[in-house]
Amino acid sequence: MIEVLPLSGAVSVQPAGAASALRAEGLAKAYGAITVLSGVSLDIRAGEVHAIIGENGAGKSTLMKLLSGHVTPTEGRLEMDGRGVSFADAVAAEAAGVVLVHQEILLAPDLTVAENLFLGRELTRGPMVDDRAMNRRTAEVLASIGAHCGPRDRVGSLPLAQRQLVQIARALLEPRKVVIFDEPTAVLANDEVAALLDVVRRLRDRGAAVLYISHRLDEVEALADRITVLRDGRMIGTWPAEGLSQRGMAELMVGRELDMLYPPKRPEPEAAARLVVEGLRVDHGAVEASFSVRPGEVLGIGGMIGSGRTELFEGLLGLRPSQAGHVTLDGRAVMQRSVRDWREAGLVYLTEDRKGKGLLLEEPLAANLTLQALDRVHPGLALDRRKEAAALEKAVAEYDIRVRSLLLEAGQLSGGNQQKLLLAKVMLTDPSVVIIDEPTRGIDIGNKSQIYDFIDRLVRAGKACIVISSELPELVGLSDRVLVMREGRIVAELTGAEITEQGVVYAATSGQATGSAAARTETAAGERG
Amino acid sequence: MTSTATNIAGGEASRRIRWADMGPFIALAVVVLIGVLLNSSFMTGTNIANVVTRSAFIAIIAVGATFVISSGGLDLSVGSMMAFVTGIMILTMNRLEPSMGANAILVGAALGLIVGAICGLLNGLIVTVGKIEPFIATLGTMGIFRALITWMSDGGSIPIDRALRDPYKPVYFGNVLGIPVPVVITLAVVLVGAFVLYRTKFGRRCTASGSNADVARFSGVSVAKVRTMAFVIQGLCVAIAAICYIPRLGAATPTTGQLWELQVITAVVIGGTALRGGKARIWGTVAGALILEVIANLMVLSNMVSEYLVAAVQGVIIILAMLAHRFIK
């Protein structure tokens with residue numbers, strides 16, 4: 001891989017005298033033979049905001065889990081105040097003064113703010129909990145971060161932004177040397193973001209070392225003193241934030257050449273649009289979009305996680321509440337939009353959540369393969385076991401699903417083979433439009449390249465394909481046209497030479513923000529799940 | 001991959017799966033063996049016929065429960081529903097007897113099936129349309145059905161008309177080729193149940209909904225429809241059990257079918273069906289119902305343990321079955 005650093009002289013120089021609160025050297029993490037992060041050396045200094053940026057899957061979350069004791073590194077060492085440390089778990093890290101503020105809200109909604117703050121470490125007087133002391137202390141912490149709720153408020157009744165502050169307050173109950181934020185603004189609207197950034201600045205000004213992980217480059221630009229870039233599980237470098245533009249950051253995050261993983265692009269299709277979606281509103285307007293796709297075309301959907309991509313298509317399929325919108329397939333208006341109706345009409349959706357929504361992990365392969373096409377495989381009353389076995393054998397050969405036995409359960413396959421089984425499952429319905437959400441999440445490069453070939457083949461056979469992907473190289477390498485989503489809206493359409501990783505990242509992270517309703521719905525769904 | 005390799009591995013996989021599924025039948029064999037060793041009168045023809053016949057009600061209802069549970073539901077109302085359906089049937093038969101004679105039994109039985117199906121539909125709709133946890137929904141209808149039978153019988157009993165006793169008697173006491181009629185009916189219910197569950201698209205969708213409702217939804221399966229239908233099947237099974245039950249005691253009372261829901265769920269679970277749904281074992285359910293009845297019978301026959309402790313022993317059995325399940329996994 002060729003490393004091209006677009007900014008000369010940006011590699012960090014350690015200024016003398018800056019107090020390093022937490023220092024990592026050669027940090028690496030491997031799960032079995034798979035290295036997810038390696039060669040990370042950085043220091044977080046007291047009184048600075050140090051931002052970590054990188055694409056999805058670059059290793060940001062692994063890094064912060066290593067630094068906060070949630071995961072133990074396989075290599076490298078940590079130093080605090082010049083002494084080597086190692087954290088057995090998150091509790092040990094917190095005792096040493098390093099705390100991670102989680103992205104998801106981890107609070108008990110039926111308890112009060114104070115009860116949540118002191119959950120598991122209640123103050124007591126004799127055998128009884130000392131509510132008065134806890135409420136007093138809570139009020140102090142809340143005031144110090146500028147939260148407007150009271151210690152006796154029930155957390156469930158607070159708006160999301162206040163809950164986020166309560167979560168931060170919980171992390172700051174004890175004095176901390178290093179505070180790590182994991183995408184703290186993912187669930188917040190714009191004005192709330194500004195307030196949160198103030199909290200972060202206040203922490204810094206009081207001398208804490210802040211590690212700030214975010215995919216919102218505008219925030220990073222506004223907040224960070226220094227920026228470390230991760231890419232593909234490796235550290236690219238650390239730069240002073242001054243003089244690094246959002247575009248510069250995006251280029252650093254991407255900075256790589258496309259290889260031969262992807263099939264050559266197809267000629268521009270001449271046919272009219274097959275699927276036309278106009279003004280579809282999902283989740284009561286949190287996501288709203290219009291788009292169309294032609295036969296013989298791969299339409300890529302880019303954007304950060306939480307930008308509403310999955311929600312848009314789950315809404316189209318009737319898997320989420322959707323309103324209004326005019327949808328036509330091959331020129332005919334589609335009125336009934338359930339998975340079943342769409343299947344009859346010839347449109348299928350492959351979920352991004354292979355294990356949770358795609359396959360029955362404890363059921364045999366054949367039952368999984370035919371679940372979506374039961375009426376097609378078994379036209380009669382009874383199940384036709386022989387036909388089912390034949391369909392499985394055909395799918396295994398056609399999609400190169402590597403199995404020890406045809407009688408295995410779906411959960412016994414590797415991720416790549418599960419993904420191929422899922423693809424075979426929806427293709428069994430013989431669709432004319434295929435929507436694939438994260439076609440290669442968590443699978444190895446060999447299976448990836450096969451799946452790209454399948455997609456290429458089905459598009460060349462005249463089907464229309466929509467690929468939703470967080471992996472930029474994949475999006476750029478596969479798509480004939482890319483729509484970029486941000487905060488529930490399509491903000492850019494890229495065609496031809498415009499389809500570059502930088503272009504997608506820039507459209508996905510910059511420009512006018514209008515609130516992050518889409519991200520909020522995703523979090524809400526997560527809380528339900 | 002060569003086909004030989006596939007076959008060999010396939011053989012291993014199927015052997016392993018079969019072994020795990022044998023659990024309830026092995027348990028049944030062990031219980032029977034203990035019975036033979038403990039008491040000489042256990043293995044007599046009349047006693048065996050008696051045990052199997054008595055287990056028929058639980059077995060029939062438990063077939064329905066296998067559908068409900070494997071689709072991700074639970075029905076606590078079966079015992080009360082059974083009493084309610086029995087009451088409706090007897091009242092109908094008694095009313096029609098003067099004009100129709102013994103044919104009143106057929107009409108009453110048909111009505112029983114309809115009422116059972118409607119009761120099941122009611123449970124199903126509360127769960128799926130009302131989106132109420134099956135445990136709570138059927139806890140509610142359990143109370144309703146129980147109160148209705150108590151009200152209908154005015155706290156006493158609803159006896160069947162004397163004129164109907166004789167023509168109805170063979171349904172419980174008769175036999176076909178030496179096999180008691182309730183056993184024949186049970187066998188028929190189990191065969192149909194096994195066919196629907198294992199050999200039809202509905203059965204496949206049923207286990208898919210229980211295994212992972214999201215996957216089913218994303219695959220275009222109407223989970224609500226499937227679950228509602230499972231409750232209707234449960235209602236039908238309850239009605240069939242009621243049809244067999246009436247000639248046995250000849251009356252419906254406020255205690256008819258009391259606590260049967262627990263025995264039914266026990267039979268299903270020790271039969272190997274997963275309580276969280278997704279895995280259905282109809283024949284295992286039958287073995288479960290037999291195990292419960294054999295244990296009760298043994299305790300009555302032998303003097304080692306008081307028969308008042310039957311429920312306790314059955315309780316121990318279900319816990320042991322669950323533990324065995326965990327360790328086999």
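The values are calculated or read from the model by the stated rules, or taken from the named source; none is laboratory data. Only a predicted model underlies this, so the values are computations on that prediction, with no experimental measurement involved. Cβ placement follows ideal geometry from the backbone for every residue including glycine, while neighbour counts extend to all protein chains displayed.
Odds and ends about this structure:
- Checked against (1) in contact with a Cys (Cβ under 7 Å, 6 or more places away or on another chain); (2) surrounded by 21 or more Cβ atoms within 10 Å (Cβ to Cβ), residue A:483 meets all criteria but (1).
- Any hit, region A:330-346, residues being facing chain B (nearest Cβ under 9 Å) and crowded, with 24+ Cβ neighbours inside 10 Å: yes
- Checking the stated criteria, residue A:456 turns out not to satisfy the condition of being buried (at least 20 other Cβ atoms within 10 Å of the Cβ) and closer than 15 Å to residue A:299 by Cβ.
- Check on residue A:114, without any contact (Cβ under 8 Å) to a residue 12 or more places away in the chain and farther than 27 Å from residue A:87 by Cβ: no
- Among the residues listed as B:187, B:177, the single one being away from chain A (no Cβ under 14 Å) and either modelled with pLDDT under 90 or touching a Phe, Trp or Tyr at 6+ places or on another chain (Cβ under 6 Å) (or both): B:177
- Cβ pairs under 6 Å, 6+ apart, first in region A:385-397 and in the same structural domain as residue A:423 (by TED's automatic domain parsing) and in contact (Cβ under 8 Å) with a residue 24 or more places away in the chain, second surrounded by 19 or more Cβ atoms within 10 Å (Cβ to Cβ) and of a type outside the set (Val, Ile, Thr): A:392/A:365; A:392/A:366; A:392/A:369; A:392/A:406; A:395/A:369; A:395/A:424
- Residue satisfying condition, being closer than 25 Å to residue A:482 by Cβ, within 14 Å of chain B (Cβ to nearest Cβ) and crowded, with 20+ Cβ neighbours inside 10 Å, within set A:312, A:317: A:317
- A search for C-beta distances below 9 Å between a residue of region B:83-109 that is free of Cβ contacts under 8 Å to residues at least 24 places away in the same chain and any residue that is among the polar types (S, T, N, Q) and surrounded by 19 or more Cβ atoms within 10 Å (Cβ to Cβ), counting only pairs 6+ apart in sequence or on different chains, returns B:107/B:92; B:108/B:92.
- Residue within region B:210-223 that is away from chain A (no Cβ under 14 Å) and either touching a residue at least 60 places away in the same chain (Cβ under 8 Å) or at positive phi (or both) present: no
- Residue B:291 vs. criteria β-branched (Val, Ile, Thr), within 25 Å of residue B:174 (Cβ to Cβ) and away from chain A (no Cβ under 14 Å): no
- A search for C-beta distances below 8 Å between a residue of region B:296-312 that is closer than 20 Å to residue B:48 by Cβ and any residue that is polar (S, T, N, Q) and assigned to a helix (DSSP H, G or I), counting only pairs 6+ apart in sequence or on different chains, returns B:296/B:314; B:297/B:47; B:297/B:50; B:301/B:47.
- Hits in region A:388-399 - residues which are within 13 Å of another protein chain (Cβ to nearest Cβ) and buried (at least 16 other Cβ atoms within 10 Å of the Cβ): A:388, A:392, A:396
- Yes/no for residue A:306 being more than 15 Å from residue A:465 (Cα to Cα), buried (at least 23 other Cβ atoms within 10 Å of the Cβ) and within 14 Å of chain B (Cβ to nearest Cβ): no
- Residue tally, condition in contact with a helix residue (DSSP H, G or I) (Cβ under 7 Å, 6 or more places away or on another chain) and surrounded by fewer than 13 Cβ atoms within 10 Å (Cβ to Cβ), over region A:136-162: 1
- With respect to (1) more than 10 Å from chain B (Cβ to nearest Cβ); (2) surrounded by fewer than 19 Cβ atoms within 10 Å (Cβ to Cβ), the lone exception for residue A:365 is condition (2).
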